[in-house]
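The values are calculated or read from the model by the stated rules, or taken from the named source; none is laboratory data. Values in this document were obtained by computation on a predicted structure and should not be read as measured data. Virtual Cβ from ideal backbone geometry, glycine too; neighbours counted across all protein chains shown.
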Amino acid sequence: MNTHPTSQQNSSLMSATLTAQAEARLLEFTRSELFAKTFREGMDMVEETAAYLDGPGRQDSKKLGRDDALTYASQSMRLTTRLMQVASWLLVQRALKEGEMSLTEVQAEKYRLVEDVKPDEGLSFSELAKTAYALPARLLDLLARSETLYERIMRLDRSLYGTIAAQAGNTVADQMNRLQDAFRRD
């Protein structure tokens with residue numbers, strides 16, 4: 001009787017182990033000081049932005065000409081949308097940490113961040129800053145910081161969840177086993 005696992009069984013064991021390692025890494029991250037710091041930074045930025053847009057930002061926007069006021073409105077909506085996506089992602093990670101959501105639930109595609117869509121004219125923050133000299137400095141600062149935070153969260157999302165998704169049938173061990181199986185067929 002052959003007690004050695006077949007290449008398919010070996011592949012399944014390897015994939016399950018790697019996925020378990022990726023999931024353990026995700027759980028470790030949610031319990032880390034890095035996550036706590038990132039969570040605080042994200043939520044603080046949401047509060048800071050809301051306070052600005054509901055207070056001094058209203059006054060700042062009233063001082064702008066028509067075209068600049070439209071740019072202000074579109075950029076403040078973009079800022080708000082970006083920060084709500086960050087807050088949502090952070091809250092999902094906290095729910096995992098607190099046991100309010102399962103690993104399976106948080107891995108759902110609906111909880112992944114999407115690439116930050118640039119406006120049709122392709123303006124990044126740095127390009128906007130060159131042309132939006134009339135916009136309030138505080139809005140420009142919030143836009144820059146939120147873009148940096150969003151990109152960092154996007155990298156975390158891809159690193160933590162991309163590892164899990166990529167392991168589903170696409171590990172080096174899976175590829176090696178497929179090659180071995182192909183050569184055995186001769």
**Message:** Restricting to the range 129-145, and then to whatever is among the small types (Gly, Ala, Ser) and under 16 Å from ALA73 (Cβ atoms), can you tell me which residue is modelled with the highest pLDDT?
**Reply:** ALA134
**Request:** Among the numbered conditions (1) touching a helix residue (DSSP H, G or I) at 6+ places or on another chain (Cβ under 9 Å); (2) closer than 18 Å to GLU147 by Cα, tell me where MET77 comes up short.
**Result:** (1)
**Complete:** Selection from the range 86-104 of residues surrounded by 18 or more Cβ atoms within 10 Å (Cβ to Cβ), within 15 Å of SER146 (Cβ to Cβ) and either modelled with pLDDT under 95 or among the aliphatic types (A, V, I, L, M) (or both) yields VAL86, LEU90
**Message:** Take the conditions more than 19 Å from the chain's Cα centre (by Cα), within 27 Å of ARG31 (Cα to Cα) and in a helix (DSSP H, G or I) and apply them to GLU100. Does it pass?
**Reply:** no
**Request:** Give the residue that is modelled with the lowest pLDDT, with candidates limited to residues of the range 150-162 that are more than 9 Å from the chain's Cα centre (by Cα) and either outside any helix (DSSP H, G or I) or buried (at least 18 other Cβ atoms within 10 Å of the Cβ) (or both).
**Result:** TYR161
